[in-house]
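Comments concern the structure below.
The values are calculated or read from the model by the stated rules, or taken from the named source; none is laboratory data. On a predicted model such as this, the values are computed, not experimentally measured, just so you know. Cβ coordinates were reconstructed from backbone atoms using ideal geometry, including for glycine residues, and neighbour counts include every protein chain displayed. The protein model used for the area step is the full one, side chains on, heavy atoms only, and it has no ligands, DNA or RNA in it. Shrake-Rupley method; radii C 1.70, N 1.55, O 1.52, S 1.80 Å.
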Amino acid sequence: MLPKTIIRHISQFAGVRDAAKYVPRRALLYVPASNQKMLDKVPMMQADSVVLELEDGVALTAKADARVRAAAALDKLPYHTLACQELGLRVNSVSSGLLEDDIIAVSKAEKLPQAFMIPKVDCPEDLVTIYNIFREHYGDERITNTNTRLVIWIESARALLDMPRIVSSTLNLHKQAGFFKLDAVVFGSDDFCADIGATRSSHGTETLFARQKFVTCCKAFQLQAIDSVYIDIKDLDGLRRQSAEGWQWGFTGKQVIHPSQVSVVQEQFLPPKDRIEWAQELVHAYSEHEALGKGAFQFRGQMIDRPLLLQALNIIQLVERVQN
Ligand code: COA
Ligand code: MG
């Protein structure tokens, strides 16, 4: 239980805007909607966020079938009994020309996914197209003031450089028109490498600048930042290393493509036990010092002030939500 004096700090801490509705997305697992055998496993999947995939995980020749299966899954799956915290749906991008057909098909389902996920958002103008397609096929009532969240992907050089404008346009669409609220942004590493002509390597230095710029921008807007895919499914040590690195850099989760990657990633995106204890004790110490009018004080040999409190609160909120 957090001291009352600390609660008012929560609304401002990085990565978590609304503590009551915080959805952890430590692992975001793609399930190609063209594959019924994989779809049937969704209720048991332990990834925080399970994504019914219509984009690059589905062949062009299987898109129509995948749309029908995804719509049926939305209506069939009882969200509150799923092992995951969120059932998302990733549609195709504006530039693919396939988005409208996706929305025509999935809007036939009675239920919306808990998050709509939109890849390759390249410029603020894409948002206008997206909003108009949703309005036309869902109607204003179904897409405004719902609990359904929005997650977007940044996957090109242009999008990375224009990210602040893309993110603020998306947030404004929620504020002004009530469209789905943006909650997280995902870095599409493989498409990004293709876009800039980089060669993928296991050490990942080719995306170093992009990942750091990306995470900084997400945090500037207090949004979750979801890291690259690790495509070597058999290399769990490499996955663990890259997940730990992402966590240290401020990412809040990572995309995964195979069920065997889920627990490795989710473990790395939870702070270790001693860090959780540190956070809990720090919050209480801060509350006591604040009552005495002290904003900075010593704790376990370190200088503590408000930014450290905010880091501790990030940890506490994440742990509480995952344990619940
Ligand atoms: N979702 C659900 N189940 C999955 C899965 C996934 N993403 N990936 C694998 N499985 C299941 C398989 O169906 C298989 O089930 P079974 O034991 O009942 O036969 C089991 O896990 C083991 O799978 P495995 O044989 O190791 O892999 P595979 O060859 O069947 O699948 C991929 C490998 C890469 C094709 C698959 O993991 C996949 O499609 N991942 C998502 C790809 C994607 O969406 N990419 C776009 C975003 S980057
Ligand atoms: Mg991509």
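General remarks:
- The loop-placed GluC sites (Glu not before Pro) in region 101-169, going by DSSP, that have at most 11 neighbouring Cβ atoms within 10 Å of their Cβ come out as Glu110.
- Solvent-accessible area assigned to carbon and sulfur over the chain amounts to 53 percent, based on a 1.4 Å probe.
- Per-residue 3J(HN,Hα) values for region 287-296, derived from phi via the Karplus relation 6.51 cos²θ - 1.76 cosθ + 1.60 with θ = phi - 60°, read 4, 5, 5, 4, 4, 8, x, 9, x, 10 Hz in sequence order (x marks Gly and Pro).
- The smallest convex shape that holds all Cα atoms of the chain, its convex hull, gives 141 Å³ per residue.
- Listed by chain and number, the aspartates and glutamates whose alpha-carbon sits under 17 Å from that of Lys181, ignoring those within fewer than 8 places in the same chain, are Asp18, Glu86, Asp126, Asp140, Glu141.
- By the Kirkwood approach, averaging reciprocal distances over each pair of separate Cα atoms, region 215-260 gets a hydrodynamic radius of 11.1 Å.
- Sequence-distant residues sharing a close amide H with Gly253 (under 5 Å, placed H): Ala225, Asp227
- Here, region 11-142 is characterised by an Rg to Rh ratio of 0.97, where Rg is the alpha-carbon radius of gyration and Rh the Kirkwood radius.
- Entries in Lys41/Lys273; Lys76/Lys120; Lys63/Lys120 that, when Cα-Cα distance is taken, lie over 21 Å: Lys41/Lys273; Lys76/Lys120
- Alpha-carbon gyration tensor eigenvalues x 5, square-rooted, for region 118-272, Å: 29, 17, 14
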